[in-house]
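The values are calculated or read from the model by the stated rules, or taken from the named source; none is laboratory data. If you're wondering where the values come from, they're calculated on a predicted model, not measured in any experiment. Cβ atoms come from the backbone with ideal geometry, glycine included; neighbour counts cover every protein chain shown. Quick note on the areas: whole protein, heavy atoms, side chains included, nothing else; ligands and nucleic acids left out. Shrake-Rupley method; radii C 1.70, N 1.55, O 1.52, S 1.80 Å.
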Amino acid sequence: MDRFVRSVKFLSRLFGYFAAALIAFGVIVVCHMVFVRFVLNQNTIWQTDFVTYSLVAATFIGSPYVLMQRGHVNVDILPLYAGPRLRWWLALFAAAVTLFFAVTMTVFTAVLWHESWANSWASDTMWRVRLWIPYSSLPVGLGLLTLQCLADLVGLISGREQPFGISRGHGV
């Protein structure tokens, strides 16, 4: 199990860096688009699509890293006031709901990706990008999110990680 958790954390970190690179490339492409439009007075074709698809991909591919770092927004008033036992059960319930959501969305987005691949869908813009390429970030990101949820669940059940990251003695 330790090898599984380490491997998932490695993948989450790797794809977190990839998501950050996608955002950086998006910023560079926006700068290029502004230069081409306003300095060279030319039309842009692919830049808007690229930036849109890369930011969406960064969101999904970066989500396992955010979960691993507990970087998401959460309301922890109830866990803070709960005792250690109730806090553990709340964390287990939250992890189970999150895992169910991640698995469900992974399946649905994999079906969407497959349809776009099998039917050769292309965007309606001038760039005509094959949609299976940007759509691939959905099942990949959500599949990795599913693995990160499983790793977090293993950490919670084995006692290696505290529920909600709150230490045992901490309470209000």
Q.
Cβ-Cβ under 9 Å, sequence separation 6+ or interchain: first residue in the range 111-130 and at positive phi and free of Cβ contacts under 8 Å to residues at least 24 places away in the same chain, partner part of a helix (DSSP H, G or I) and open to solvent by 60 Å² or more (accessible area, probe 1.4 Å). Which pairs?
A. Ser120/Trp132
Q: Return yes when Val103 is under 25 Å from Leu22 (Cβ atoms), touching a Cys at 6+ places or on another chain (Cβ under 9 Å) and in a helix (DSSP H, G or I) and no when it is not.
A: yes
**Q.** Within the range 48-71, tally of residues that are modelled with pLDDT under 90 and open to solvent by 80 Å² or more (accessible area, probe 1.4 Å)
**A.** 2
Q.
As an exercise: evaluate Leu156 against (1) of a type outside the set (Phe, Trp, Tyr); (2) in a helix (DSSP H, G or I); (3) at pLDDT 95 or above and give the number of the one condition it does not meet.
A. (3)
Q. When the range 33-81 is examined, which residues are found to be assigned to a loop (DSSP other than H, G, I, E, B) and within 27 Å of Lys9 (Cβ to Cβ)?
A. Gln69, Arg70, Gly71, His72, Val73, Asn74, Val75, Asp76
Q | Extreme residue, farthest from Ile45 (Cα to Cα), among residues of the range 111-150 that are assigned to a loop (DSSP other than H, G, I, E, B) and either open to solvent by less than 70 Å² (accessible area, probe 1.4 Å) or at pLDDT 95 or above (or both) | A | Asn119
Q.
Taking the condition of being polar (S, T, N, Q) and open to solvent by less than 90 Å² (accessible area, probe 1.4 Å), how many residues in the range 10-41 meet it?
A. 1
